[in-house]
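Visitor: First the structure, which I've put down as structure tokens, then a few questions once you've had a look.
The values are calculated or read from the model by the stated rules, or taken from the named source; none is laboratory data. Because the structure is predicted, anything quoted here is derived from the model rather than measured. We place every Cβ from the backbone using ideal geometry, glycine too, and count neighbours over all the protein chains shown.
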Amino acid sequence: MEIYGVELEVWIGAGAAILALGVWGLKRYQTVMADGKITLDEIISGLEDGEKLVDKAVEATEEAHDKFVEAKKRKCSICGVSGHDKRNCPTLEDE
């Protein structure tokens with residue numbers, strides 16, 4: 001199944017990465033606030049961990065975007081390959 005020309009699995013992966021980032025942020029906040037004090041080491045550690053998760057979420061989102069752009073490219077109505085149209089389809093030239 002496709003949504004906007006992108007496979008459902010890609011959307012699920014991107015959504016899961018973003019959801020995981022949100023859950024991680026909430027848990028990290030609860031951990032830091034457990035003692036009521038925030039130290040500089042906790043902030044730095046949180047930023048470093050968060051950076052890794054953000055990178056994963058960005059990669060998943062970029063993959064979904066790239067597949068969307070690829071799906072939007074014009075395809076031949078005869079053979080389904082992008083890069084040409086039905087007037088100059090190589091499968092017609094072979095016949």
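Visitor: Examine the range 35-51 for a residue that is polar (S, T, N, Q), loosely packed, with under 11 Cβ neighbours inside 10 Å and over 30 Å from D85 (Cβ atoms), and state whether such a residue exists.
Guide: Yes, that holds for at least one residue.
Visitor: Anything in the range 76-85 that is at pLDDT 80 or above and not small (G, A, S)? List them, or say none.
Guide: Selection gives C76, I78, C79, V81.
Visitor: Could you grab me the full set of residues in the range 8-45 that are polar (S, T, N, Q) and assigned to a loop (DSSP other than H, G, I, E, B)?
Guide: Let us first name the residues in the range 8-45 that are polar (S, T, N, Q), namely 30-31, 39, 45.
Scanning the range 8-45 gives a single hit, T39.
Visitor: When the residues of the range 65-88 are filtered to those that are in a helix (DSSP H, G or I) and closer than 30 Å to G15 by Cβ, which remaining residue is nearest to the chain's Cα centre (by Cα)?
Guide: It comes out as H65.
Visitor: For the range 51-69, how many residues are farther than 30 Å from R28 by Cα, of a type in the set (D, E) and in contact (Cβ under 8 Å) with a residue 40 or more places away in the chain?
Guide: Looking only at that region, the number is 0.
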